[in-house]
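Scroll down for the structure; my scribbles are underneath it.
The values are calculated or read from the model by the stated rules, or taken from the named source; none is laboratory data. Quantities reported herein were computed from a predicted structural model and do not represent experimental measurements. Cβ sites come from the backbone with ideal geometry, for glycine too, and all protein chains shown count toward neighbours. Keep in mind that these areas ignore ligands, DNA and RNA; they rest on the heavy atoms of the full protein, side chains included. Shrake-Rupley method; radii C 1.70, N 1.55, O 1.52, S 1.80 Å.
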Amino acid sequence: MSFDTTAANQQRHRFDADARVWLFGYGSLIFKADFVYISRRPASIRDWSRRFWQGSHDHRGTPDAPGRVVTLVPDPGAICHGMAYLITPEVFDHLDHREKNGYLRFMAPLTFEDGSGASSLVYIATKDNAAFLGPASDEDIARQIAGAVGPSGRNRDYLTDLATALHALGKSDPHVLAIVDALSTEPLAPIVPSSRKPEPP
Ligand code: SIN
């Protein structure tokens, strides 16, 4: 099940035409920056944790076989590392469409690596959205990810691209790594069929 948040997001914030806005990305927005930005800087936000608790019916899964992607859940004292992008307001047309499966824009203060801060907008899929799946064991999350593929590609690539991007930032997230581990030992992981035949020896 899904609910398109595009229209709701367009009503949430008013920007001056010449505004510059920091966007904080913690999931695919770290490793897939398919939008125009002025600059980007590693950053973090406090009191939120990244979790593979959001269903993906439109990018890494389908309505019949949703994948799992990350959202943020409140977690007092936690630090979530990611990437901040300085953008102009018109970029939200693209971002609102991309994040339409349950994500709403929220304001959150971020901290850059040098300790300075800024206000930012972050897309969060809260637990009351129709595509929210909620907690499950690492093994069950890995199993669901292993079997899911959607218009943006394999769900397992979202997971490994996120882990790789965090590693490149010099960060690790125990939740993400636990699911990478569970997936690598998942014995029944469905394999996406390939039409390629083995090369003759
Ligand atoms: C984000 O990356 O900040 C939002 C979640 C996603 O698109 O994966």
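Quick notes on this structure:
- The modelled label-to-label distance for the pair Lys127/Phe112, using points 7 Å beyond Cα in the direction of Cβ, is 3.5 nm.
- Built amide H within the under 5 Å cut-off of Gly150, gap 5+: Gly61, Asn155
- Accessible surface of the chain [probe 1.4 Å, protein heavy atoms]: carbon and sulfur percent: 56
- The stretch 47-92-the stretch 93-161 distance, computed between alpha-carbon centres (Å): 1
- Ligands, DNA and RNA are left out, and with a 1.4 angstrom probe the accessible area of the stretch 38-104 is 38 Å² per residue.
- Electrostatic dipole magnitude of the stretch 6-184 [Cβ: Lys, Arg +1; Asp, Glu -1; Cα centre; debye, to 20]: 60
- The stretch 6-184: relative contact order as a whole-number percent, Cα under 8 Å and 6+ apart: 29
- The GluC sites (Glu not before Pro) of the stretch 35-133 that meet both conditions, a loop assignment by DSSP and at most 16 other Cβ atoms within 10 Å of the site Cβ, are Glu90, Glu113.
- In degrees, nearest ten, helix 155-168 long axis to first principal axis of the chain (Cα): 60
- q = 0.14, 0.19 Å⁻¹, the chain: log10 I(q)/I(0) [Debye, one scatterer per Cα]: -0.81, -1.44
- Dipole of the chain computed with +1 at Lys/Arg Cβ and -1 at Asp/Glu Cβ about the Cα centre; of Pro151, Gln54, His81, farthest Cα towards the positive end is Pro151.
- Only aspartates and glutamates eight or more places from Lys171 in sequence, or on another chain, were considered; those with a Cα closer than 15 Å are Glu113, Asp161.
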